[in-house]
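First up is the structure itself, then whatever we jot down about it.
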Amino acid sequence: MLLNPLNPELAKARIGVLALGALTLAGSFLLFETSPSTLLYIVLFSVSIFITDFIVVEIPREGSLSASVAIILTAVFLGPKQMATPIILLAIVIGTLAGQMAQKKPMIRITMLMTKRIISATLATIALSLWFILIGQETVFFSRLIAAFIAGFIYFFSEAAIEAMLLSQDKNSAFRTTLISRMRLLAVVFLTFSTIALLMAIMFKWMSFWSIFIFSIPLAVTTQSFKLYVDIRKTYESTIKALSATLEAQDESRVGHAQRVSDYSLSIGKELGLYGKELERLNYAAMLHDIGKLGFDKSVKLDEITKEKSAYDRKNVPFHAQIGAEIISDVDYLKDVSSIIKYHHWSFGAKHNSIPLESSIIHVANDFDHFINEAELSKQDALKKLTEDKGLYYSPKIVRAFKSVSRRRH
């Protein structure tokens, strides 16, 4: 549904993107000329986009990137003399529409994806054309290489910016941090696709349409490699969630605590500009921050947070945090998480150089959840308590980030 009554800002953003896409498509047909081989090119690239739209790299919590990006960039890199802009855009419309409908995707998602590609491809084509107009040397390899790099970056940035704008409206997150996080996370995948696209475009001169079919093989292999990597990370996360659920099964009052702390922590982390493996590490640590309590009777109070922080001995690592760190340190892919868990109860006032940023984030998230669900404070009072104790128990930077996230969400 385009006009979502629950999120009017997202609906407005979508309408704006669709209007810009429609104007871009109409303008390209008015301003650019087409060649006699138009139909053949449209068919070739439409089919190629249709096929590669089934090859997708899913990035947890950050969206996805389709291998069809390589096909679109190939068309862009061929230059306006071989591939007029209307041909590229029409191929995008036909290929995207057919590919996404075959996968039974919602129409609003199909329309937004198609529009995003139209805008990005047009901007990339304009950048390529401007380079050759201003610099010339279209036949010089090094000049074409630089032009392709610029066009590829503009395509990547445009797609990421549009997606970040929609995500920030949907999730009530900051646009800048969402954009930076998405670009950092997808940069390697996009660079790989761009390189393959450039090879396709270069070889197109001698191999014609066969270059696309031949280079589709390494494109598929590369995408599958990325997918396998992502699947492994998903398996890790599922295992961690299972461990967290085992801990919470001991005490019904703690059910959902780890997931809430993880959600709060990730929101703060994104606000502070963390991305990729940094967020992954933060998520793992937040889900397992109380793993040291596993096996203890729930009636035994293991250095639980008290209302009076002054009664808490901050000179020593809490018992359950120490045990948890030792448990995690024996797991190869969680070794980096060990120190985060160890120090997740340390106060900001301790001024300990070895306290990781992630530990301080979890400290704020964990205490906030405690104030809400155990001390039964309102969200406003819980935030007020964090604010009062910032600089002493909590990092002021982290409290500010959390308050910023909370204001946008409520």
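Filter region 165-196 down to residues that are part of a helix (DSSP H, G or I) and either among the aliphatic types (A, V, I, L, M) or assigned by TED's automatic domain parsing to the domain that holds A401 (or both), then give me how many there are.
The first filter runs over region 165-196 and keeps only residues part of a helix (DSSP H, G or I), leaving 165-171, 175-196.
If we keep only those that are either among the aliphatic types (A, V, I, L, M) or assigned by TED's automatic domain parsing to the domain that holds A401 (or both) as well, we get 165-167, 179-180, 183, 185-189, 191, 196.
So the count comes out to 13.
Results for (1) modelled with pLDDT of 85 or more; (2) under 26 Å from the mean Cα position of the chain (by Cα); (3) crowded, with 22+ Cβ neighbours inside 10 Å; (4) over 24 Å from R144 (Cα atoms), shown as yes or no for each residue.
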residue	(1), (2), (3), (4)
S68	yes, yes, yes, no
I87	no, no, yes, no
I94	yes, no, no, yes
L97	yes, yes, no, yes
Q103	yes, yes, no, yes
P106	yes, yes, no, yes
M112	yes, yes, no, yes
R117	yes, yes, yes, no
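Do the conditions hold for T111, that is, is it of a type in the set (S, T, N, Q), closer than 30 Å to G273 by Cβ, part of a helix (DSSP H, G or I) and in the same structural domain as L90 (by TED's automatic domain parsing)?
Criteria not met by T111.
Take the residues in region 211-221 that are surrounded by fewer than 22 Cβ atoms within 10 Å (Cβ to Cβ) and among the aliphatic types (A, V, I, L, M); name whichever of them is nearest to S66 (Cα to Cα).
Only one residue fits best here, namely A220.
From K227, K171, K241, K205, which residue is in contact with a strand residue (DSSP E or B) (Cβ under 8 Å, 6 or more places away or on another chain) and not aromatic (F, W, Y)?
So the residue among K227, K171, K241, K205 that is in contact with a strand residue (DSSP E or B) (Cβ under 8 Å, 6 or more places away or on another chain) and not aromatic (F, W, Y) is K227.
Being crowded, with 16+ Cβ neighbours inside 10 Å and either in contact with a Ser or Thr (Cβ under 6 Å, 6 or more places away or on another chain) or not aromatic (F, W, Y) (or both) is true for just one of S143, S208, S238, S173. Which residue is that?
S173
So which of S310, S359, S354, S299 ends up being assigned to a helix (DSSP H, G or I), modelled with pLDDT under 80 and of a type outside the set (V, I, T)? Reasoning before the result, please.
Working: S359 fails: modelled with pLDDT under 80; S354 fails: assigned to a helix (DSSP H, G or I); S299 fails: assigned to a helix (DSSP H, G or I).
When all the criteria are applied, what remains is S310.
The values are calculated or read from the model by the stated rules, or taken from the named source; none is laboratory data. Keep in mind it's a predicted model, so treat the numbers as computed, not measured. Quick reminder, even Gly has a Cβ in these numbers, built from the backbone with ideal geometry, and neighbours come from all protein chains shown.
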